[in-house]
Amino acid sequence: MSKNKKMRRVLFLTFYFEPDLCAGSFRNTPFVGALAEHLSADDRIDVLTTFPNRYHEFRAKTTPLEEKGMVRIRRIPLPPHQSGMIDQAKAFLFYARGVLAAVHGEQYDLIFASSSRLMTAALGARIARKMKAPLYLDIRDIFVDTLEGILPGWKGRLILPFLKTIERGTIRTAHRVNLVSEGFLSYFKARYPEQRYSFFTNGIDNGFLGVEPPTANPSDGNRQNVLLYAGNIGEGQGLHHIVPQLAARLGNGWRLRIVGAGGALQRLKQAVERAGVTNVDMIAPVPRDQLLALYREAACLFLHLNAYDAFSKVLPSKIFEYAAAGKPILAGVAGFSAKFLEEEVENAAVFPPCDVETALAALDSLRLDFINREDFINRFRRDRIMDAMAKDVLRVVAAYEP
């Protein structure tokens, strides 16, 4: 594709960017690179993000302003915060204030916002309306749908109408909405049938391509098999509902290794302590090169989402990473994720979330050995998906008429 002549300045909004350790960062960082490949040397992408903050336990050294060719990254400082809803709201207000100050007096030819909790998308919509610029939204989760499941009673009745109004204005402002899971379409199509949707999923990063099998099968000999979970530990994952019971039933033949952090970490630790199990290890978030080494040591990789209806629509980014690692996958998921695993990923076993008995049966059905999923990897390489998405963004800008 030839260099785009109409594009001049892009505003890219994301709460998470390199070197943060989270799905948003792993998606947005390569996408900016892919978009830059299709622009001319005179164009510019302004990334407005935050200092690494996904996990309180992980802090990476970085700078408030960084320039990489046409890409200028400005990181907005946030107050210290944990993963609670109030702390997250406070952190976003700092981010929004920093973004609005940074764009004051500026003019952009495209506003791109990547959002899992709606508010970054809403911020992008506000700026797009003011600048009369096209807005491209990358929606990584359905925030309102999720909150309906976890905020019952008066809290939900108080907050949800306000959030639904924000969502309505945000989606209707966009000139294109990308959904990272096709499972989201039923929700959005029912509410915003006039909108144009695309589906560029998460994918497999270069660091996970060409993973070599371990020199010896981790399940050989008398050593304990390792069942490894790596990722966020929040209410959405519901690990405190499954890990202690699963560890107890598996006994000393297995170790459950939990790598990550999040708002429900303390609940998980307390549940493990109450269960009296000793075969659960808790490990703080690690850089991706170290994580790959942990994958190689594991006999099986574990994925789990809580039993909320909203999570039946998602497609976790962790699926792609796990599949590329070549290990068997045990997944407590439902709906679209379960269908995707069953149809696309060989040697993956699915069970209903929080159901220990079916989890044990699913684990027994797996072959505890390395498998080369080359076809899957070729279809879901992150660089190919991001390149296709960058071309879609350019088509939206080319067709835009104020």
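Data for the structure
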{"read-out": "Qualifying aspartates and glutamates (Cα of each under 17 Å from Cα of Lys313; at least 8 residues distant if same chain)", "value": "Asp138, Asp141, Asp145, Glu148, Glu182, Glu235, Glu342, Glu343, Glu344"}
{"read-out": "FRET efficiency for Asn252 and Lys189, using Cβ-Cβ distance with R0 set to 56 Å, rounded to 0.05", "value": "0.65"}
{"read-out": "Acute angle (nearest 10 degrees) that the helix 153-173 long axis makes with the longest principal axis of the chain, alpha-carbon atoms", "value": "50 degrees"}
{"read-out": "Pairwise centroid distance, computed over Cα atoms, of the stretch 341-402 with the stretch 9-23, Å", "value": "22 Å"}
{"read-out": "Of all accessible heavy-atom area on the chain, the percent that carbon and sulfur account for (1.4 Å)", "value": "52 percent"}
{"read-out": "Within the stretch 134-187: Cβ-based charge dipole about Cα centre, in debye rounded to nearest 20 (Lys, Arg +1; Asp, Glu -1)", "value": "240 debye"}
{"read-out": "Charge dipole magnitude, Cβ of K and R +1, D and E -1 - the chain, Cα centre, debye nearest 20", "value": "1500 debye"}
{"read-out": "Normalised contact order of the chain, rounded percent, pairs of Cα under 8 Å and 6 or more residues apart", "value": "15 percent"}
{"read-out": "Stretchable slack from Phe94 to Ile150, in nm (0.36 nm times residue separation minus alpha-carbon distance)", "value": "17.6 nm"}
{"read-out": "Folded to 0 to 90 degrees: helix 288-297 orientation relative to the chain principal axis, Cα", "value": "20 degrees"}
{"read-out": "Counting DSSP beta bridges with both ends in the chain, the antiparallel % (nearest 5)", "value": "10 percent"}
{"read-out": "Residue-normalised accessible area of the stretch 102-217, expressed per residue, 1.4 Å probe, Å²", "value": "45 Å²"}
{"read-out": "Separation of the Arg379 and Met85 label points, Cα + 7 Å toward Cβ, nm", "value": "3.8 nm"}
{"read-out": "Prolate/oblate/rounded label for the chain (Cα gyration tensor, a/c 1.5)", "value": "prolate"}
{"read-out": "Furthest towards positive pole of dipole, Gly69, Leu39, Thr165, structure part the chain, Cβ charges", "value": "Thr165"}
{"read-out": "Point-charge dipole on Cβ atoms (K/R +1, D/E -1) for the stretch 147-246, about Cα centre, debye to 20", "value": "680 debye"}
{"read-out": "Dimensions in Å of the stretch 319-388 - Rg and Dmax from alpha carbons", "value": "12.9, 43"}
{"read-out": "Gain in span if fully extended, Leu360 to Asn372, counting 0.36 nm per residue against the direct Cα distance", "value": "1.9 nm"}
{"read-out": "Accessible area of the stretch 233-391 divided out per residue, in Å², using a probe of 1.4 angstrom", "value": "39 Å²"}
{"read-out": "Calculated over the stretch 268-402: convex hull of Cα atoms, volume per residue (Å³)", "value": "176 Å³"}
{"read-out": "Signed unit charges on C-beta, dipole axis of the chain, positive-most listed residue Gly156, Ser25, Ile142", "value": "Gly156"}
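The values are calculated or read from the model by the stated rules, or taken from the named source; none is laboratory data. Just so it is clear, the structure is predicted and the values come from calculations on it, not from any experiment. Using ideal geometry, Cβ is built from the backbone for each residue, glycine included, and neighbour counts are taken over all protein chains shown. Areas reflect the complete protein model, heavy atoms only, side chains present, ligands, DNA and RNA absent. Shrake-Rupley method; radii C 1.70, N 1.55, O 1.52, S 1.80 Å.
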